[in-house]
1. Looking only at segment 99-114, which residues are within 21 Å of the chain's Cα centre (by Cα) and either over 15 Å from E321 (Cβ atoms) or exposed (fewer than 14 other Cβ atoms within 10 Å of the Cβ) (or both)?
2. Checking G169 against (1) in a helix (DSSP H, G or I); (2) open to solvent by 10 Å² or more (accessible area, probe 1.4 Å); (3) under 21 Å from I75 (Cβ atoms), which single condition isn't satisfied?
3. Take residues that are touching a helix residue (DSSP H, G or I) at 6+ places or on another chain (Cβ under 8 Å) and of a type in the set (A, V, I, L, M, F, W, C) and tell me which of the helices (runs of 4 or more DSSP H) falling wholly in segment 48-144 contain 2 or more.
4. Is it the case that G136 is surrounded by fewer than 20 Cβ atoms within 10 Å (Cβ to Cβ) and either over 21 Å from P274 (Cβ atoms) or more than 16 Å from the chain's Cα centre (by Cα) (or both)?
5. What are the pairs, 6+ residues apart or on separate chains, where a residue within segment 175-200 that is within 12 Å of L159 (Cβ to Cβ) has its Cβ under 7 Å from a residue that is acidic (D, E) and at pLDDT 95 or above?
6. On the basis of being surrounded by fewer than 19 Cβ atoms within 10 Å (Cβ to Cβ), under 29 Å from K95 (Cα atoms), among the acidic types (D, E) and touching a residue at least 12 places away in the same chain (Cβ under 8 Å), does E163 make the cut?
7. Checking the structure you have, find out if any residue of segment 155-178 is polar (S, T, N, Q) and closer than 22 Å to D32 by Cβ.
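The values are calculated or read from the model by the stated rules, or taken from the named source; none is laboratory data. In this text the structure is predicted, and so the values were computed from the model without any measurement. FYI the Cβ positions are ideal-geometry reconstructions off the backbone, even for glycines, and counts take in every protein chain you see. Ligands, DNA and RNA are stripped out before the accessible areas are found, and what is left, the full protein with its side chains, is counted by its heavy atoms. Shrake-Rupley method; radii C 1.70, N 1.55, O 1.52, S 1.80 Å.
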Amino acid sequence: MEDLAVKTGAPKAAHSPPAGHNWPRNNGIDLDLGWVLDQRVNLSAAERRVATLPGRRTVKKDAQAAWLLKAVTCIDLTTLNGDDTTERVKRLCAKARQPVRQDILDALGMGGRGITTGAVCVYHRFVSTAVEALDGSGIPVAAVSTGFPAGLIPHDVKLREIEASVADGAKEIDIVITREHVLTGNWQALYDEMRDFRAACGDAHVKAILATGDLKTLRNVARASLVCMMAGADFIKTSTGKEGVNATLLVTLVMLRMIRAYQEQTGLKVGYKPAGGISAAKDILNYQFLMKDELGREWLEPDLFRIGASSLLADIERQLEHHVTGAYSALNRHPIG
């Protein structure tokens with residue numbers, strides 16, 4: 001089979017950039033309350049936009065395989081369970097190094113591309129384990145921090161947790177905001193909190209988890225997105241995966257438009273990460289289409305797009321095997337960790 005990226009013109013699948021990458025950084029700006037409070041969301045228009053997406057955007061065969069391979073390179077392969085163990089994290093890291101079976105990649109003409117996932121995401125307890133397991137791969141370790149998932153621990157403890165994960169080798173920190181600041185409209189407190197998190201991360205990239213399912217309204221999602229970007233978030237992320245409602249296309253549309261508005265106003269690029277509930281290959285294609293439509297081709301790369309997932313990778317590998325062989329295999333033949 002020909003090289004998929006050449007044959008289809010689809011996003012070019014490539015390995016993740018090395019840990020010493022020069023990704024965009026968002027230095028933030030002063031809090032502009034007027035801009036924040038001016039945000040409104042036309043719910044019916046947003047719902048129509050999202051509802052029409054699957055019918056207007058579709059890819060098949062080789063093109064679909066290329067889009068799915070690109071999605072693999074943007075996955076933050078994640079385990080955030082109470083029964084996590086060192087051995088489970090090591091297995092997850094091995095899967096991150098080789099996320100798609102070599103025979104499938106060879107059949108797709110992509111065997112020599114060095115495809116890996118975008119990162120491995122774990123609790124602080126397992127950062128050093130993951131760093132050691134990924135040594136030499138160029139795959140960064142992301143640590144959830146600041147009292148994940150609820151974020152209801154003392155502020156100084158949150159900062160120490162960030163610093164500890166960075167000291168252990170985490171290159172990315174996924175923080176959780178204090179939802180109360182959003183729900184009470186205390187935008188200055190949210191800004192100050194996020195600025196402190198950004199400073200504690202140092203050279204590590206910081207992803208701000210908004211926990212959108214807890215924020216009640218799309219207007220709150222828009223305003224929280226903007227405040228976190230003003231305060232220096234390198235990524236804005238939907239969810240911890242532990243809320244009742246996690247990533248949705250509707251929330252994604254709102255957050256992407258805030259990213260676009262922020263870039264137009266400041267010239268600064270901020271990444272986006274949907275997380276929680278994305279487990280089917282067909283679903284991630286819709287997120288990719290929306291990213292490309294709203295922000296452009298550049299936001300399909302792992303320096304500006306990540307997907308918080310684990311079981312998604314198994315379904316992508318299963319779909320790629322079907323593309324190559326014409327037969328579906330059982331999902332349990334594609335273990336993650």
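1. Passing the criteria: only G114.
2. With respect to (1) in a helix (DSSP H, G or I); (2) open to solvent by 10 Å² or more (accessible area, probe 1.4 Å); (3) under 21 Å from I75 (Cβ atoms), G169 is out only on (1).
3. Values: elements: 53-56, 61-73, 86-97, 102-107, 127-133.
Answer list for segment 48-144: 61-73, 86-97, 102-107, 127-133.
4. Numbers: surrounded by fewer than 20 Cβ atoms within 10 Å (Cβ to Cβ): yes; either over 21 Å from P274 (Cβ atoms) or more than 16 Å from the chain's Cα centre (by Cα) (or both): yes.
Yes, satisfied.
5. Note: pairs meeting the criteria are A200/E163.
6. Yes; evaluated as a whole, the condition is true for this residue.
7. yes
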